[in-house]
Structure formats: structure tokens, C-alpha cells
């Protein structure tokens, strides 16, 4: 009879299981109130996203010497295709006078400015956000719209520019945290009902994941408040999906091993103890891989990317803790009836022994080399779509799925005015070099206009209007030229920022992070796999399969984005996000499979162990993959192009890992390479099992 001791016995002991549940309830009650404060701890301003050494970040900080807080200009665009009239001009002047009295206006209203084609007029209203930040964005933009949208014989008006963008963005995401959470929970519940066909069992993973999310949010809030962790709306949204997806995956794996043991052991406490002892190392390796992979993001330059790493790692670690303590304790408390109507009985046969995954393994075993080569070729064809990937950054007007008023207005500005109108470059340098800075800007190719110097103390602030649309290659080139020009001005010590420069610096930082972080993630995951599998060759093979899967998912996604969704570009950080999630999270399924194969190889040899491992883990890994893919797919319900692209590509990559890489490619490679895959461990030189093969269902000592 198997003996259970240590942590597994503590978690599922006859009395200690109640203590485990009580501890989690106390944690929930003690930290629950802090979770709700996470929204207030979010930092969505420029400095919280960009690297601290970026010129745009420095300008954002220096701006505070010219104004109390961040200033968001609202650009009002008036347009009449037949040409504006004198009456239109009079209305715009009247609007400008009224707008000066709107709450938050921090300076004189600029304009009206007429376009060269006489079809449009624009005015610029500087709005000081104040300490409440985006809380008053919508309120102030609504006040502006109430003034400018009065009918004037067909004259159309749009509130755009940074203030208009901020308002439309805020409105689009209003209540999105609750919506995302509800959608994620609904998806998990539906899939668990389908997988287990039990009207009750789904409650335990959902309760455990929900409690995990609350505690994770509380811990992250404490880190944000007291350890300087940068948290933003993007990382909070991903945390919700990640905790439910990964937590449910761990629950599914534990349920699978627990059910196996219930078919062998009458005592459910003993069954759970053995299940925990056998599956615990695999779950720990999986969580460590994801957490370490995410923590590699700490080496990114982008503050938003850097902050996502610890947020995701905290979520994964707490999810693991809950799923190896709270969740098994709950399963044991509820007993076998929780599986009703399919309660596992002692002595019953595992469905996996005669199921579809066992048959698939038999087919692969006939010609493993042909199978893995053919599968790799198919994935290789999917990578061709990478030629259509345009990850050079998204212009703001391309960031929404729909077209809010601010986007429509910006597109009209691009038609009638200089591309950078309303989003000027802001140059801040030494006041003593004001004339030199101004001349340098005027002499820069790509700068359409230069404003008058504004001096405050020993600093000067000068605005420059780009000729081309911010985010375009031409605009980026002009920004680089302008920075080179002002850098040559003696004693200027100038930095160039503003919204156009923010876009430029964001793309540059993302490009750097992609080149630096991806190799580090690969190295970290490789080292963990070597420790877990006690092999060199097997981890290299697994890493190669996951990288191929990533390239295939990214390539096919790029094809779909352009040909189906009509997305012509992707955020510059998109490839890095997809890589980290697919390699760190997607490797899970290979860990689940290969650790089981290695376990079986000790008794049955590598080739037979591969077939047993596939049949034993096929159902649970497929279920886990479907749950995780579906939770990430929930991100496609959000109205932002970047988040939709992330949700689609990650979900696709997880499905490829689940149904193709793990079930076909990894299995075929293991069968073809044979015992050598464990090089340099002793399994390489042991072609025969170290113990006679046994019937798993009649051997209570084996899992």
C-alpha cells in the first residue's frame, strides 16, 4: 500500500483539510477589501508606460514646470465638404469664446485655423487634467461637445486630439473589468460542464480560481503601493484571464490524477495524497516555467511591459498555491459524489486505456518520423504569414475596432491639415538657447510649423508641428532629425516629447525589448526543463517545437488579421507579448506530457512510455488547452485592436500546442528518437524497463 506523508498528507488529512480551507477563508477575508483598490493603483500615464530614460518621458516630467499637471489638448475639427462659409467662421469664433469658460481649460483657445482647401476649420483647447486624471475626461469632453455640436446648416464637428482620444478610450472601457471577469467565468463554467458533465464539480475550480484572483489582486495592490510595482489597465485585464485559465488548468490536471487514484484506493484521503505527490512536481515545474518566463519581462525597457511580468508571476504563483492546497482539500471534503453522475469506482477501468488518444498513439507509432516531419512542414507553411506581419506600431486612429468620433476627426485633420496638427512635438530645453532651438526646428525637414518660445524660469518650451501623421515612418524620421538638430545646439540640453514622440519612443523601446527578452525567456525555460527532465536533449527538442508553434501561430494570425479582420498593422509590442505567453504558458502542455512519459519510461521503456503518457494525459491536456484558449479568447471581446490581436493569437497558439505540438509532434519525436531523448541521464542506456510492465489498474503503488 502506498504511503503518503509530508505536505500532501497535511493538505488532505482527515482533520487538516479543514484547517487548509480555514486559512484560505481568513486570507480572503483579510485581503479581499484590498483587491477592490487595485483599480485606483493603476498608472496609465506616459511615465508609467515609457522607459524612464526616454526623451518623451523626460518632457512629460518637465512639463509640470509649465503647468500644474498633465495637459491634454482637445482639437475641435469643423468640416463642410462644399467649403466653409463666413457664417461657419462666425460660429467657430463664438464656440471658441464659449469654450474658454469650460472647467479645466488651462490657457487661451487657439484658432480658428482654416485649412488650405477651405473645407475645414479647427480650434485647439488646452485642458488641464488636474489630480483626478481621467476621472473627468468624459465629463469635460461632453461639456465641449455640448457647445460645438450645435447645428449650423450641415457643418460637422468632431472633438479629437489627445483629449478626444482619452474620452473615447475611457468610454469604451467603462465597466470592462466586470464584463471581462463575467465573460471569463462563464466560459470556464460552460467548458467544465461539457468536460465533466457534472452539475456540481465545476463549482470547486471556479470558487478556487475566483478566490485566487481576489488574493492576487490584493497582493499586487500592496506591491504597487509599497514596492513601486507599475500596474496598468492592460496588465490587470491579462491577470484576470491568466489566473482563471492557468488555475483551471492546474485543477484539471489534479482532478485527472485524483480520479485515477479513486479507481485504485477506497480511501479518498489516501487517493488525493498520492495524486498530489505524483502531480505536485509537474504542477510546480509548470508554474515555475510560467513565472520565471514572465519575470524575464523585468529586463524590458517599457515600464508597461516590465510591470506585466511581476503581475503575471504573482497571479500564477498564487494560483498554484490555491490549486495544490485549497482545491484538493475541497475535493476531499466533498467526497466521490462531487463527480456525479460519473463517480469513479474502485477497480473500474480508465477510459484513457481504450480511448481515442490511445488509438492516435498507435497510429503515430507506426511511422513516427514521417508524422513529425509532415507536422513540422504544415506548421512551417503557417509561418509564411509572418511576411504579412506589420508590427511597427499602431496609430491611435487604428487602435479601435470601431470608429469613435475622435478617430473620425483625426482622419479629417490628416486630410485637411498637416499630419501632426493637434499633436505637436514639445521641445523643452534651456531658456538661454531658445533661439537656437527654434532655428534648429525650423530647419528640420518634416517640421511644418514652429511655435513661439514659452519661458518659465531657466527652461523654454517650444512646439513643432509635424508635416506627416504621427506614427508614420516619415513622422518618426522627422522626430529623429529634430532630435539630432536640437542636440547640436550649444547649451540647449533639450528633449523632444509630446504625443507623437511618445508613439515613436514606444515603438523603439518595444523593438529593443523584443530583441533582449525573447532570448532570455528561451534560456530560462530551457534551464528549468533541464532540471525537471534531468536531460539536455529532451528540453532542446521541446523548446524547438514550441518556438515552431509560436511562429506558426503568429504567422497564421498575421494572415487572418490582414485578410479577414482588415487590420493593417499591429502594436510594436505584439510579437513579444505573444512569444512570452505562448512559450511560457504553452510549454505547460509539453511538461504535462513529457514528465508523464518519463515517469512511465522508467517502468516500461521510452517508446511504450510515450504511448502510455499520451493516452493517460490526452484527455486532461486537451481539456486544459480548451479552457486556457477560451479564456484568452475572451480578450477578443474588448474594443481595442491590440487586445483583440493578443487574444486571438494566444488562443490559436495554445490550441496548436494542445492538439498538434503536444499530441502529435512531441509524441512522434519521442517515439522516433527513443531512449536517446533522455541524454545524458541513465534512461539513455537502459533500453529495457527497469521493472516489469504491469497493469496500472491493478497496481495500487503506481500512478
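The values are calculated or read from the model by the stated rules, or taken from the named source; none is laboratory data. For clarity, every value in this text was computed on a predicted model and none was experimentally measured. All Cβ positions, even for glycine, are placed from backbone atoms using ideal geometry, and neighbour counts span all protein chains on display.
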Q: Output the residues belonging to segment 373-410 that are without any contact (Cβ under 8 Å) to a residue 60 or more places away in the chain and under 30 Å from residue 124 (Cβ atoms).
A: 397, 403
**Q.** Condition met for residue 632 (assigned to a helix (DSSP H, G or I), buried (at least 23 other Cβ atoms within 10 Å of the Cβ) and on the phi < 0 side of the Ramachandran plot)
**A.** yes
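Listed here are the residues, each with its yes/no results for (1) buried (at least 21 other Cβ atoms within 10 Å of the Cβ); (2) at pLDDT 85 or above; (3) more than 13 Å from residue 157 (Cβ to Cβ).
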| site | (1), (2), (3) |
| --- | --- |
| 88 | yes, yes, no |
| 94 | no, yes, no |
| 104 | yes, no, yes |
| 114 | no, yes, yes |
| 119 | no, yes, yes |
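Give, as residue ranges, the strands (runs of 3 or more DSSP E) completely inside segment 436-525 that count at least 1 residues that are over 34 Å from the mean Cα position of the chain (by Cα), surrounded by 19 or more Cβ atoms within 10 Å (Cβ to Cβ) and outside the structural domain of residue 303 (by TED's automatic domain parsing). Before you say what the answer is, go through the steps one by one.
Numbers: elements: 447-450, 454-456, 459-466, 495-497.
Answer list for segment 436-525: 447-450, 459-466.
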Q.
Testing residue 153 on (1) in contact (Cβ under 8 Å) with a residue 40 or more places away in the chain; (2) more than 26 Å from the chain's Cα centre (by Cα); (3) not assigned by TED's automatic domain parsing to the domain that holds residue 86, one condition comes back false. Which one is that?
A. (3)
Q: Run residue 615 past the list (1) within 22 Å of the chain's Cα centre (by Cα); (2) buried (at least 22 other Cβ atoms within 10 Å of the Cβ); (3) assigned to a helix (DSSP H, G or I) and report the number of the one that doesn't hold.
A: (1)
Q) Any idea how many residues of segment 294-331 are more than 25 Å from residue 42 (Cβ to Cβ) and either surrounded by 24 or more Cβ atoms within 10 Å (Cβ to Cβ) or under 17 Å from the mean Cα position of the chain (by Cα) (or both)? A) 6
Q | Number of the condition not met by residue 553 [criteria: (1) farther than 14 Å from residue 649 by Cβ; (2) assigned to a helix (DSSP H, G or I); (3) under 20 Å from the mean Cα position of the chain (by Cα)] | A | (1)
Q. Residues of segment 546-571 being at pLDDT below 90 and buried (at least 22 other Cβ atoms within 10 Å of the Cβ), which ones?
A. 546, 570, 571
Q: With a cut-off of at least 3 residues that are modelled with pLDDT under 85 and crowded, with 22+ Cβ neighbours inside 10 Å, name the helices (runs of 4 or more DSSP H) lying wholly within segment 155-242.
A: 161-172, 176-196
Q. Is it true that some residue in segment 127-147 is modelled with pLDDT under 90 and more than 38 Å from the chain's Cα centre (by Cα)?
A. yes
Q) Of the numbered conditions (1) in a loop (DSSP other than H, G, I, E, B); (2) modelled with pLDDT under 80, residue 680 satisfies every one except a single condition; which is it? A) (2)
Q.
Please pick out the residue among 494, 500 that is at pLDDT 90 or above and more than 23 Å from residue 281 (Cα to Cα).
A. 494
Q.
Suppose we keep only residues that are in the same structural domain as residue 204 (by TED's automatic domain parsing) and at pLDDT 80 or above within segment 336-362. Which one would you say is nearest to residue 263 (Cα to Cα)?
A. 336
Q) Being in contact (Cβ under 8 Å) with a residue 60 or more places away in the chain, assigned to a helix (DSSP H, G or I), in the same structural domain as residue 669 (by TED's automatic domain parsing) and within 24 Å of residue 591 (Cβ to Cβ), is that true of even one residue in segment 637-645? A) no
Q.
Among the numbered criteria (1) assigned by TED's automatic domain parsing to the domain that holds residue 668; (2) within 32 Å of the chain's Cα centre (by Cα), which one does residue 367 miss?
A. (2)
Q. Of the residues 414, 392, which single one is more than 21 Å from residue 73 (Cα to Cα) and either in the same structural domain as residue 560 (by TED's automatic domain parsing) or at pLDDT below 90 (or both)?
A. 392
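Please find, among 79, 71, the residue that is farther than 14 Å from residue 231 by Cβ, at pLDDT 85 or above and surrounded by 15 or more Cβ atoms within 10 Å (Cβ to Cβ).
Answer to the check: 79.
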Q. Picking from 370, 418, which residue would you name as being farther than 30 Å from residue 492 by Cβ, surrounded by fewer than 21 Cβ atoms within 10 Å (Cβ to Cβ) and without any contact (Cβ under 8 Å) to a residue 60 or more places away in the chain?
A. 370
